[in-house]
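Notes follow once the structure below has been shown.
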Amino acid sequence: MILSLLAQNPLLFVVWVIAIIFALTVHEFFHALAAYFLGDKTAQRAGRLTLNPLSHIDPVGFLMLMIAGIGWAKPVPFNPYNLKYSKWGPALVALAGPASNLASFFILGAVAKLLLIYGFAASNLLIVLLIFTIYINAILLFFNVLPIPPLDGSKILYAILSHPKYNNLKLRLELQGTYVLLGLLILNWVTNGLILSPIFIGTYYLFKTMGLETVLAGIFSFF
């Protein structure tokens, strides 16, 4: 996957790595920031309320991302009992990650658009870095809102299913969520990307809202 770029085009590999580290770091930082503002200092005490990538990148998860294209960062710890809102607090902490990806997408997309307007070529390394970064942010946004534990979308689902009658269902989801997610990824591989295609379709349309879809297609033609 991404690791294969190291031999084919080392410079593009470095750009990909920077884009991934940026997106993952911002995502996890905003989880910690949301928890802090909602009254829980667990993440702060654990050294996670920082934009230092070393505090957020999981070595194994990052290596898996390089090799298999699927990986993870260190989960941000928080104590739901410290949050201001017992029902929606965990969901708000979870939503902060995808929300940061959406904000990063539009902010960096606007920067890329301005640079293109002012004469930067689409092949310029800075433009490539920006496009890769907003692409990774879009993928993280759509993937993480899937309502499958341990993804962020599961916390939103749990808030909706707050009635005690759903406790057993939530417990089963929590225990089996990782296997469900793994099965989904395997099924996606077997179907040649069909299962998760809505994520990439959504990403394309996000790029289209910024008028950057042709730039994205041009950059990915490098591969």
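The values are calculated or read from the model by the stated rules, or taken from the named source; none is laboratory data. From a predicted model like this one, the values you see are computed outputs, not experimental measurements. Every residue, glycine as well, gets a Cβ built from its backbone with ideal geometry; the counts of neighbours run over all protein chains shown.
Is there a residue in the stretch 109-121 that is at pLDDT 95 or above and of a type in the set (Val, Ile, Thr)? The answer is yes; a qualifying residue exists.
Checking 167, 188, 192 one by one, the residue that is free of Cβ contacts under 8 Å to residues at least 60 places away in the same chain and not in a helix (DSSP H, G or I) is 192 and no other. If you go through the stretch 162-181 one residue at a time, do you hit one that is at pLDDT below 90 and in contact with a Lys or Arg (Cβ under 6 Å, 6 or more places away or on another chain)? Checked against the condition, which is being at pLDDT below 90 and in contact with a Lys or Arg (Cβ under 6 Å, 6 or more places away or on another chain), the stretch 162-181 yields at least one hit.
Counting only helices (runs of 4 or more DSSP H) wholly contained in the stretch 40-144, the ones carrying 3 or more residues that are in contact (Cβ under 8 Å) with a residue 40 or more places away in the chain and either at negative phi or touching a Gly at 6+ places or on another chain (Cβ under 8 Å) (or both) occupy 59-68, 89-117, 125-144.
For residues in the stretch 170-185 being under 15 Å from residue 70 (Cβ atoms), without any contact (Cβ under 8 Å) to a residue 12 or more places away in the chain and of a type outside the set (Gly, Ala, Ser), which is surrounded by the most Cβ atoms within 10 Å (Cβ to Cβ)? Filtering first and then ranking leaves 182.
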